[in-house]
Amino acid sequence: MKYIDEFRNGKLAKNISANIAREATSLSGYKLMEFCGGHTHAISRYGLVDLLPDHVHLIHGPGCPVCVLPIGRVDQSIFLAREHGVILCTYADTLRVPASDNSSLMRARANGADVRMIYSTQDALKIAREYPDREVVFLAIGFETTTPPTAWAVRQAAFEGLKNFSILCDHVLTPAAMHAILAGESGTALDGFVGPAHVSTIIGSKPYEPFADNYGKPVVIAGFEPLDVMQAILMLVRQINDGRAMVENEFTRAVTREGNLKAKALVDEVFHLRDTFEWRGLGSVPNSALKLRPRFSAFDAELKFGVDYVAVPDNRACECAAILRGQKRPQECKIFGTVCTPDNPVGSCMVSSEGSCAAHYSYGRFRESA
Amino acid sequence: MTGLVKPNYSRPLDIKHGRVDMSHGSGGRAMAQLITELFAAAFDNEYLSQGNDGALLPQETGRLVMATDSHVVSPLFFAGGDIGCLSVHGTINDVAVMGAQPLYLSASFILEEGFLLSDLKRIVESMAQASRESGVPIVTGDTKVVERGKGDGVFITTTGIGVMRNGVKLSGDLAQPGDKILLSGTIGDHGMAILSQREGLAFSAPIVSDTVALHRLVATMLDSGVELRVLRDPTRGGLATTLNEIAKQSGVGMMLYESAIAVNQPVEAACEFLGLDPLYVANEGKLIAICAPQDAQRLLAVMRAHPLAEAASIIGEVQEDAHGFVQLTTRIGGRRVIDWLTGEQLPRIC
Ligand code: SF4
């Protein structure tokens, strides 16, 4: 894998690391948020912290799809599987997100609910075709990267007239979440953002411009390889030193200003904005999520089964909310690594390797023992 | 008229078109026929042909090692092998990494009603070949049939017996700070061969399972006189899981070097695509050796001279650590923990 190796080259990393150390001279330090869980994972997986000076801080953002899924949304899907007897399909990590009453989709499955792990939306359609007598519901979660495949599946289902297929649409939007963070109290402390990789290939770099223009925060879009992230950090340090606030693109091999027009058109054809949506950690954020357009409402499981969303508070000990806003670090949670571990997640940040708590537990917890 | 009756005749099994049915597990004539025409014919050896409920084996001097392993892999046939040879290799390897010379195997089959006899024959012949090539005969066995839908084609359990080599002391709790950790080759090949086939993923090059019997490699390593402390084959859960087990047993930590751990290119690509870490993916033909630091280079040379460990390397060292962390120095120079596996990552791979 030559292509990937270029971005995981130890010598190059040391060069960038030396440049960061030399140039990051501001005494007040650099507080940079990597928005995406993909970056959180890469940072922990490659131990990037060891290549950064102490006063360059990386703060994990909320860009982890299962982390921001509130309990009430998981409850909704369990309810459909259990009470309506539907075949509930979803991506692997979603199965382990904690729900009410110590439940999860995984536990519901162990108790007899028909919950299936799928790799792609096509798998869900396939199941719907295979079981014409059963209702098949796809729990659709994720940011802008996973939205086009869902849109495609809905359009395909409409085209085929698949009457037993529907989706619980929990797709959310990255810029809205960044907006919520910057508008909140944690926002002012941030000096800049490492911008999303895959999300930006879809939406382009343009949607981040208001964060530079209106909030004065530099944004550097970066790929998911460790050298991408290092380079983006260097670019952010330089912007901050110069007093600049711009959207820069480190990931030019995949991201343009306009993004993927075809994918955006497809999403726009099938979805429109929800007025408001509750995120774990960020609370209710206006215009931050998608729902199906009226002409596709037959595929909307919330309407089809008449299930309303009921908000459920998080476990009281869980600090996920503060962590998702960038106000706390995983190790500040009292039950981190004791009651709450990846084998037994109490909060959603401990579920996926993109979640701050799981990433720190799985890759970085030796740092506390030193 | 009497000339037409052949009192002792029974029609041979229709292996080409036939299927397993409940009578093949009933203990009656159909079962006897399946055993003679399929299993005994393929496995053929003096112990099996004793034809009794158990095999009477020659006396051995030395301590005995026994290991057992059940195989439920899906798909049954995959690039580089099938459930048959896998079930032979797996148990031979478990006996071998104890420091023993594997001598005999037993094989137990759970067949699902409706399973194609032609597939069964392929599997049995693959087992027979693996057993012949390794010089470890299958000396006794059993067959049961379950109703359609109650099994998944075939499940195979093999048990192996071996005799411990004199003066060898290997155990997971013997790793000491300063020891070197060696690995016999690339990781992740078996698990990704299974998974890429199961998910219908097509990559530029096919991924081939590494399933193989390791007892001869082990014998060569033990013959070299190097002071080996731990030998393990990193199967289910991969390299990461096996090293965590050893670290826990020995009460030590480890530091690995990512750049020394080899992964075949298509395996790396498949892992990348599925979001898996090759460190956690199963191997069926690799071993980990931990030895005293002064012996490491010699052991490495011995391993590299053997065809099954040409790509062997020193992948890290044992260190003192009260927390028992297995850590990794990444290719770009950062550090991280290599943790125990969480949840069910890859079911039904062996
Ligand atoms: S450690 Fe667990 S309970 Fe604590 S914040 Fe993280 S996910 Fe929530």
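The values are calculated or read from the model by the stated rules, or taken from the named source; none is laboratory data. Here the structure is a predicted model, which is why all the values come from computation and not from measurement. We place every Cβ from the backbone using ideal geometry, glycine too, and count neighbours over all the protein chains shown.
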The listed residue being in contact (Cβ under 8 Å) with a residue 60 or more places away in the chain and at the interface with chain A (Cβ under 10 Å from one of its Cβ atoms), out of B:T342, B:T330: B:T330
Count of region A:277-305 residues which are surrounded by 14 or more Cβ atoms within 10 Å (Cβ to Cβ), part of a strand (DSSP E or B) and out of contact with any Gly (no Cβ under 8 Å at 6 or more places or on another chain): 9
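Looking only at region A:219-261, count every residue that is among the polar types (S, T, N, Q), closer than 25 Å to A:V49 by Cβ and either touching a strand residue (DSSP E or B) at 6+ places or on another chain (Cβ under 8 Å) or surrounded by fewer than 20 Cβ atoms within 10 Å (Cβ to Cβ) (or both) and tell me the total.
3
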Pairs where the first residue, in region A:214-234, is closer than 16 Å to A:A245 by Cβ and the second is surrounded by 24 or more Cβ atoms within 10 Å (Cβ to Cβ) and hydroxyl-bearing (S, T, Y), C-beta under 7 Å, 6+ apart: A:V219/A:Y208; A:I221/A:S200
All positions within region A:4-31 that are more than 11 Å from every other protein chain (Cβ to nearest Cβ) and either buried (at least 24 other Cβ atoms within 10 Å of the Cβ) or small (G, A, S) (or both): A:A18, A:A21, A:A24, A:S26, A:S28, A:G29
Extreme residue, surrounded by the fewest Cβ atoms within 10 Å (Cβ to Cβ), among residues of region A:317-350 that are within 8 Å of the ligand (Cβ to nearest atom), more than 21 Å from the chain's Cα centre (by Cα) and away from chain B (no Cβ under 14 Å): A:K334
Which listed residue is in a loop (DSSP other than H, G, I, E, B) and within 9 Å of the ligand (Cβ to nearest atom), from A:D314, A:D308: A:D314
Of the criteria (1) buried (at least 24 other Cβ atoms within 10 Å of the Cβ); (2) away from the ligand (no atom under 12 Å from the Cβ), which one A:G355 fails: (2)
Within region B:64-79, tally of residues that are in contact with an Asp or Glu (Cβ under 8 Å, 6 or more places away or on another chain) and part of a loop (DSSP other than H, G, I, E, B): 3
Close pairs from region B:199-220: first over 17 Å from B:S131 (Cβ atoms) and of a type in the set (F, W, Y), partner modelled with pLDDT of 85 or more and surrounded by 15 or more Cβ atoms within 10 Å (Cβ to Cβ), Cβ under 7 Å, at least 6 apart: B:F203/B:S196; B:F203/B:P266; B:F203/B:A269; B:F203/B:A270
Total residues in region A:119-132, condition more than 11 Å from A:L162 (Cα to Cα) and not in a helix (DSSP H, G or I): 2
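Residue-by-condition table, conditions (1) exposed (fewer than 13 other Cβ atoms within 10 Å of the Cβ); (2) of a type in the set (F, W, Y); (3) touching a residue at least 12 places away in the same chain (Cβ under 8 Å):
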residue	(1), (2), (3)
B:L4	yes, no, no
B:N8	yes, no, no
B:L38	no, no, yes
B:A41	no, no, no
B:Q50	no, no, no
B:T68	no, no, yes
Meets criteria (within 22 Å of A:F35 (Cα to Cα) and more than 9 Å from the ligand (Cβ to nearest atom)) for A:S362: yes
Some residue of region B:281-292 being under 21 Å from the mean Cα position of the chain (by Cα), within 14 Å of another protein chain (Cβ to nearest Cβ) and touching a residue at least 12 places away in the same chain (Cβ under 8 Å): no
Sole residue being closer than 27 Å to A:S356 by Cβ and at pLDDT 95 or above, chosen from A:A92, A:A113, A:A108, A:A128: A:A108
Filter result for the condition that a residue is out of contact with any Pro (no Cβ under 6 Å at 6 or more places or on another chain), in a loop (DSSP other than H, G, I, E, B) and buried (at least 23 other Cβ atoms within 10 Å of the Cβ), over B:G200, B:G225, B:G285: B:G285
